[in-house]
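Novice: This is the structure I want to talk about, given as structure tokens.
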Amino acid sequence: GNGDVEADDEYWAIPPAVSVGDYVFLDNNADGVQDGGDDGIEGVTLTLTGPDGGPVTDVFGNPVAPTVTDTDGLYSFDDLPALPAGESYTVTVTDPAGFTPTTAGVGTPDLDSSTGTATSGDLVNDGDRDPTLDFGYVVAPVSVGDYVFLDTNADGVQDGGDVGIEGVTLT
């Protein structure tokens, strides 16, 4: 010998790897479909679970941690083990503060939105990717208003003796 070490093909073989992910977006026109007027939402946390609902270990033996969307609202879980046909991965989104989910299931799987969780299709071959696990949001509605009252003792505070005033128009 010259000191060369032969690699054992089975030892060095990496199992087939697949990926899931795609997009978390602000549905500016609230139609439930990704279109040109929509923007990505940065900083949204997503968690991956396996077919059994438990945590996933990637093809390198590392636990798959939650991920966060980038500045364009994109995310991806990569280097996942391929699955037998009929099994799937599930992505769960943590709803971003100040937003509520848009209408789910409108349009094609590539352009629709899911609410809460999204489940992958078959990912059986090396390099397979499911980019349809998208989540759309609209700005959460807010409301203002309360009470118009006659301040009978003129102290600027609603007291037990103050009564509501009917018919006042507010803008």
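Yes/no per residue for (1) surrounded by fewer than 16 Cβ atoms within 10 Å (Cβ to Cβ); (2) closer than 16 Å to ASP22 by Cα; (3) of a type in the set (Asp, Glu); (4) within 22 Å of the chain's Cα centre (by Cα):
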| position | (1), (2), (3), (4) |
| --- | --- |
| THR57 | yes, no, no, yes |
| THR67 | no, yes, no, yes |
| PRO84 | yes, no, no, no |
| ASP146 | yes, no, yes, no |
| ASP151 | yes, no, yes, no |
| GLY161 | yes, no, no, no |
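Novice: What number of residues in segment 21-78 are aromatic (Phe, Trp, Tyr) and closer than 14 Å to PRO101 by Cα?
Specialist: Within segment 21-78, the first condition is being aromatic (Phe, Trp, Tyr), and the residues that meet it are 23, 25, 60, 75, 77.
Then keep just the ones that are closer than 14 Å to PRO101 by Cα; that gives 23, 25.
The number of residues fulfilling the criteria is 2.
Novice: A follow-up question, please. Write out, first by first residue and then by second, each pair whose Cβ atoms fall under 6 Å of each other, whose residues are 6+ apart or on separate chains, and whose first residue, in segment 1-24, is more than 30 Å from THR45 (Cβ to Cβ) while the second is assigned to a loop (DSSP other than H, G, I, E, B) and at pLDDT 55 or above.
Specialist: Close Cβ pairs satisfying both conditions: none exist.
Novice: Is it the case that THR71 is of a type in the set (S, T, N, Q), farther than 13 Å from PHE135 by Cα and at pLDDT 95 or above? Break it down stepwise before answering.
Specialist: On the way: of a type in the set (S, T, N, Q): yes; farther than 13 Å from PHE135 by Cα: yes; at pLDDT 95 or above: yes.
Here the answer is yes, as THR71 does meet what is asked.
Novice: Additional query: Could you please tell me which pairs satisfy a Cβ distance under 6 Å, a separation of 6+ or placement on different chains, a first residue in segment 66-77 that is in a loop (DSSP other than H, G, I, E, B), and a second residue that is among the acidic types (Asp, Glu)?
Specialist: THR69/GLU42; THR71/GLU42
Novice: Here are the criteria: (1) open to solvent by 70 Å² or more (accessible area, probe 1.4 Å); (2) touching a residue at least 24 places away in the same chain (Cβ under 8 Å); (3) under 26 Å from GLU87 (Cβ atoms). Tell me which single one GLU42 does not satisfy.
Specialist: (3)
Novice: Continuing with the same structure: So which pairs qualify, if the first residue must be in segment 98-112 and over 13 Å from ASP22 (Cβ atoms), the second must be open to solvent by less than 50 Å² (accessible area, probe 1.4 Å) and at pLDDT below 90, the Cβ gap must be under 7 Å, and the two must be at least 6 apart or on different chains?
Specialist: GLY98/ALA140; PHE99/ALA140; THR100/ALA140
Novice: Another question about this same structure. Tell me whether segment 78-92 contains one or more residues that are assigned to a strand (DSSP E or B), hydrophobic (A, V, I, L, M, F, W, C) and within 22 Å of GLY36 (Cα to Cα). Spell out the reasoning first.
Specialist: Within segment 78-92, the first condition is being assigned to a strand (DSSP E or B), and the residues that meet it are 78-81, 90-92.
When the remaining residues are screened for being hydrophobic (A, V, I, L, M, F, W, C), the result is 80, 91.
Those left that are additionally within 22 Å of GLY36 (Cα to Cα): none.
Within segment 78-92, not a single residue is assigned to a strand (DSSP E or B), hydrophobic (A, V, I, L, M, F, W, C) and within 22 Å of GLY36 (Cα to Cα).
Novice: What do you reckon, is ASP112 charged (D, E, K, R) and not in a strand (DSSP E or B)?
Specialist: Numbers: charged (D, E, K, R): yes; not in a strand (DSSP E or B): yes.
In short, yes.
Novice: Quick one: TYR137 ticks every box in (1) under 23 Å from ASP31 (Cα atoms); (2) assigned to a loop (DSSP other than H, G, I, E, B) bar one, so which box is it?
Specialist: TYR137 satisfies all of (1) under 23 Å from ASP31 (Cα atoms); (2) assigned to a loop (DSSP other than H, G, I, E, B) except (2).
Novice: Is it fair to say ASP110 is open to solvent by 50 Å² or more (accessible area, probe 1.4 Å) and in contact with a Pro (Cβ under 9 Å, 6 or more places away or on another chain)? Quick ask: steps written out before the conclusion?
Specialist: Values: open to solvent by 50 Å² or more (accessible area, probe 1.4 Å): yes; in contact with a Pro (Cβ under 9 Å, 6 or more places away or on another chain): yes.
Judged against the criteria, ASP110 is a match.
Novice: Going by the conditions given, is THR103 at pLDDT 95 or above and surrounded by 12 or more Cβ atoms within 10 Å (Cβ to Cβ)?
Specialist: So THR103 does not fit the description; no.
Novice: SER19 - would you say it is assigned to a strand (DSSP E or B), at pLDDT 90 or above and open to solvent by 30 Å² or more (accessible area, probe 1.4 Å)? Let's see the steps before the verdict.
Specialist: Numbers: assigned to a strand (DSSP E or B): yes; at pLDDT 90 or above: yes; open to solvent by 30 Å² or more (accessible area, probe 1.4 Å): no.
No.
Novice: Okay, moving on. Considering only residues that are open to solvent by 50 Å² or more (accessible area, probe 1.4 Å) and polar (S, T, N, Q), look in segment 113-144 and name the one that is farthest from VAL91 (Cα to Cα).
Specialist: For segment 113-144, the residue satisfying everything is SER143.
The values are calculated or read from the model by the stated rules, or taken from the named source; none is laboratory data. Fair warning: this is a prediction, and the values are worked out from it, not measured in the lab. Because the Cβ atoms are built from the backbone with ideal geometry, glycine has one as well, and the counts that use them run over all protein chains shown. The accessibility values were calculated without ligands, DNA or RNA, using every heavy atom of the protein model including side chains. Shrake-Rupley method; radii C 1.70, N 1.55, O 1.52, S 1.80 Å.
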